[in-house]
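Down below is the structure, laid out as structure tokens.
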Number of protein chains: 2
Amino acid sequence: MKDEAKTITLDDLAVGDRYLSREYPLDTAQIKNFARDFDPQPFHLDEAAAARSFFGGLAASGWHTAAMTMRLMVESVPFADGLIGAGVEISWPRPTRPGDVLHVESTIVDITPSKSRPDRGIVTLKTDTFNQNGDPVQKLVSKLLVFRRGAG
Amino acid sequence: MKDEAKTITLDDLAVGDRYLSREYPLDTAQIKNFARDFDPQPFHLDEAAAARSFFGGLAASGWHTAAMTMRLMVESVPFADGLIGAGVEISWPRPTRPGDVLHVESTIVDITPSKSRPDRGIVTLKTDTFNQNGDPVQKLVSKLLVFRRGAG
């Protein structure tokens, strides 16, 4: 099942390594479908109610933005054993809107080998999600469990 | 569009206020559907690959756990103007599995009125997601924008 293109282990990583995703276009139906399942609030479901809300118009759930970001991270960050998150911090500086085209840029900001388990470490990855205007819609910092070569 | 049952504003909140959700049953098809869309990694999509992975068996995406948690928060936290997140911290102490029945417990841990905008404040809400054994599968701390009465 391992993607042959994904061969990068903890041994290969360095602080400053960067990964750029493809673009992900988002439409109104996707926003409403996600909201219906997971975040059924008026400003994610109904244009008129959204116009009267804090958001001033239909906005994607922040959790939808997070989920789309993960899709783009899975495609663009080529760790051999996958992306296994221990914890994250997220902020949403502005809404994601219908018609937005998202992409994500990830940068390794820290690598801490495990003291107790020499086959692994924690990689801190900073991932910003941008819309088509270059404005950030999400800022994510992830602590990822990454294995050494042959350990996964 | 405002739910008549949701009438709680910043004026009504106190540190220590708690909210308990209903139960949310999760099956294999839901786990694979979410993963196919947003987190297409072998340990979320394929039982055999998952058995050989770090997870030792099929596990839900952490972002799926987060999304289900949001669904339960929307239903159980009755803020008049909705749940508007500025930022969050999440950890996933153990995997969410097929057959799990989740519920969430939310507690207000801080209330900070805005100095610059007297109609609003930031409420820090700690939300733990538990499986049917009472074990936490996600720990979430959210900074939520909450309005005073009549301001939303």
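The values are calculated or read from the model by the stated rules, or taken from the named source; none is laboratory data. This one's a predicted model, so the numbers in the text were calculated from it and none came from an experiment. Every residue, glycine among them, receives a Cβ derived from its backbone with ideal geometry; neighbour counts consider all protein chains shown.
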Review point. Modelled with pLDDT of 95 or more, facing chain B (nearest Cβ under 8 Å), assigned to a strand (DSSP E or B) and touching a strand residue (DSSP E or B) at 6+ places or on another chain (Cβ under 7 Å): does that describe residue A:123?
Key: no
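Residues are listed down the side, and each one gets a yes or a no for (1) within 30 Å of residue B:10 (Cβ to Cβ); (2) touching a Phe, Trp or Tyr at 6+ places or on another chain (Cβ under 9 Å); (3) β-branched (Val, Ile, Thr):
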| residue | (1), (2), (3) |
| --- | --- |
| B:57 | no, yes, no |
| B:63 | yes, yes, no |
| B:75 | yes, no, no |
| B:80 | yes, yes, no |
| B:83 | yes, no, no |
Review point. Filter the range A:143-152 for residues that are more than 10 Å from chain B (Cβ to nearest Cβ) and outside any loop (DSSP other than H, G, I, E, B); which is nearest to residue B:87 (Cα to Cα)?
Key: A:144
Practice item. Name every residue in the range A:126-142 that is within 11 Å of chain B (Cβ to nearest Cβ) and not hydroxyl-bearing (Ser, Thr, Tyr), in order of residue number. Key: A:138, A:139, A:140, A:141
Exercise for review: Scan the range A:17-35 residue by residue and report those that are over 18 Å from residue A:134 (Cα atoms) and either at pLDDT below 95 or touching a helix residue (DSSP H, G or I) at 6+ places or on another chain (Cβ under 7 Å) (or both).
Suggested key: A:31, A:32, A:34, A:35
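Sort out for me the helices (runs of 4 or more DSSP H) sitting completely within the range B:7-120 that have 2 or more residues that are without any contact (Cβ under 8 Å) to a residue 12 or more places away in the chain and either within 11 Å of chain A (Cβ to nearest Cβ) or surrounded by 18 or more Cβ atoms within 10 Å (Cβ to Cβ) (or both). Full working, then the answer.
Numbers: elements: B:28-38, B:42-45, B:47-52, B:62-76.
In the range B:7-120, the matching helices (runs of 4 or more DSSP H) lie at B:28-38, B:47-52.
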Review point. Taking the range B:89-107, which residues are within 10 Å of the chain's Cα centre (by Cα) and aliphatic (A, V, I, L, M)?
Key: B:90, B:104
